[in-house]
Structure formats: C-alpha cells, structure tokens
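*Asks:* Would you mind keeping the following structure in view while I ask a few things?
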Amino acid sequence: MFDTDGVKAKMNASVEHFKEELKKVRTGRAHPDMLANVRAEVYGQMIPLNQIANVTIQGASMLLITPYDVANIAKISSAIRADQSLGLNPSDDGRVIRVPVPPLTEERRREIVKTASGKVEEAKIQLRNIREDARKDIKAAELAEDAKKRAEKAIDDMIRDFNTSIDKLFAEKEVEIMKI
C-alpha cells in the first residue's frame, strides 16, 4: 500500500503557508503582519523589519514600531513609505514610529481581493504539484494496479478537501476585506 501520510503532510504545509500569506493581506484594521515584507537598509544590508524593531498595535487603526536602535528610525520610516503596495505614511517622534492605517476605499478593497485571489491560485498550484509528484511516486512503486488506483483516488480526495479548505479560507478573508 502506498503511504499517503507524507503527501497529506505536504498539502497541510501548503495550506498553512497560504494561511500565513492571507494574514499579510490588509483588511483595514491594523495588524503587525501587514509590515512582514518590509525590509530596511540598516548596517549596510537589507534587514526585515521584525529583526530591527518591535511592531505592535495601538488601537484598531494604528501600528506602533519601536526600533531596537533609535538611530534606524529614519531608515525604517522611509522603507515603510517606499512600499507603495501598503499605502502607509509613518510618522516618528524620535523614539517610536506611529503608522496610521487609513480606512480602505471600495476600489482599494477590490484590488486587495484580486491580490488575495492570486494567492489562492498559487496555493492550488502548489497542491497540484504535490499531487503530480505523488502520482509519479505511485507509478514508480511496485504495487498492484488496484492498489495504485486506490492510492490515486485517495490523493484526489485529499486534494479536493484541501482545495475546499483554501476556498473557504479565501471566502472568509474576502468577507473580512469587503466589510466596512
């Protein structure tokens, strides 16, 4: 019998990665993961924001960034401003950076949903690639034909379930994004 547990673990990892990607999608409320992709040039190299500062939430629509080294405040602020996809305008008082999260317009909400739907497609492509790798392994395995067919059916059932969970996660995120 073909072991489908490894395939299921890979598919689970793919869905978990998709969940993490959805957390980064802006919904109009402040969330520290909004700045997960921001990198600032400090100490001569590009460093992720979470390695040079502490990002917390202050109220529903304000991010508070406390740099570990206050000399990097200007570089962190400019890195946030430079990321046009965020559309944020930070301000600092010499010790901390405050980033107000403006409410989203209807047009911007639709753009964000479109971006999130691209992430859905990427996740489904990952699942299809995992399925194809598993099918190659099944064909290469020395199994009876009926055992190969059962294994392929089990993998097809798994991918259907995982695709459904991805669609459900996206639908929840879409409602969250479009909610004013």
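The values are calculated or read from the model by the stated rules, or taken from the named source; none is laboratory data. On a predicted model such as this, the values are computed, not experimentally measured, just so you know. Don't worry about glycine lacking a Cβ; one is built from the backbone with ideal geometry, like all the others, and counts go over all protein chains shown. Please note that ligands, DNA and RNA were not included when accessible areas were found on the heavy atoms of the full protein model with its side chains. Shrake-Rupley method; radii C 1.70, N 1.55, O 1.52, S 1.80 Å.
*Asks:* Quote the charge dipole size of the stretch 69-167 about the Cα centre in Debye, to the nearest 20; the model charges only the Cβ of Lys and Arg (+1) and of Asp and Glu (-1).
*Replies:* Around 140 debye, computed over the stretch 69-167.
*Asks:* Given a cut-off of under 8 Å on Cα pairs at least six residues apart, what relative contact order in percent is computed for the stretch 27-180?
*Replies:* Once divided by the residue count of the stretch 27-180, the mean separation gives 20 percent.
*Asks:* Does the stretch 37-98 come out rounded, prolate or oblate, given a ≥ b ≥ c as the square roots of the eigenvalues of its C-alpha gyration tensor, rounded meaning a/c under 1.5 and, failing that, prolate meaning a/b above b/c?
*Replies:* Oblate shape, in that a/c is at least 1.5 and b/c is the bigger or equal ratio.
*Asks:* Longest span of the chain, sites excluded, free of chymotrypsin sites (Phe, Trp or Tyr not before Pro) in DSSP loop with at most 14 other C-beta atoms within 10 Å?
*Replies:* Free of exposed loop sites, the longest segment is 69-180.
*Asks:* Using only helices, what value at 222 nm comes out for the chain when you add -39,500 (n - 2.57) per DSSP H run of length 4 or more and divide by the total residues, to the nearest 500 deg cm²/dmol?
*Replies:* -19000 deg cm²/dmol, from helical runs alone.
*Asks:* Right, here's the next one. Is the stretch 51-140 best put as rounded, prolate or oblate by its Cα gyration tensor, with a ≥ b ≥ c the root eigenvalues, rounded for a/c under 1.5, and otherwise prolate when a/b is larger than b/c, oblate when not?
*Replies:* The shape class here is prolate.
*Asks:* Can you give the accessible area of K8, probe radius 1.4 Å, in Å² rounded to 10?
*Replies:* 100 Å²
*Asks:* When ligands, DNA and RNA are left out and all protein chains stay put, how many square angstrom of accessible area per residue does the chain have with a 1.4 Å probe?
*Replies:* 59 Å²
*Asks:* Assigning unit charges at the beta carbon (Lys, Arg +1; Asp, Glu -1) and nothing else, what dipole magnitude in debye, to the nearest 20, does the stretch 133-180 show about its Cα centre?
*Replies:* Its charge dipole is roughly 60 debye.
*Asks:* Another question, then. Would the stretch 14-70 count as rounded, prolate or oblate if I go by the C-alpha gyration tensor, calling it rounded below 1.5 in a/c and otherwise prolate when a/b exceeds b/c, oblate otherwise?
*Replies:* oblate
*Asks:* With springs only between Cα atoms under 10 Å, which of M46, M11, M158 fluctuates most in a Gaussian network model of the chain?
*Replies:* M46
*Asks:* Tell me, Kirkwood radius of the stretch 111-180 from alpha-carbon pair distances, in Å?
*Replies:* 13.8 Å
*Asks:* Sticking with this structure for a sec: Of the candidates S117, S14, S165, which one comes out as most mobile in a Gaussian network treatment of the chain with C-alpha springs shorter than 10 Å?
*Replies:* Most flexible of the set in this elastic network: S165.
*Asks:* Need the list of lysines near K148 for cross-linking: C-alpha distance under 23 angstrom, and skip anything on the same chain fewer than eight residues off.
*Replies:* K8, K10, K136, K139
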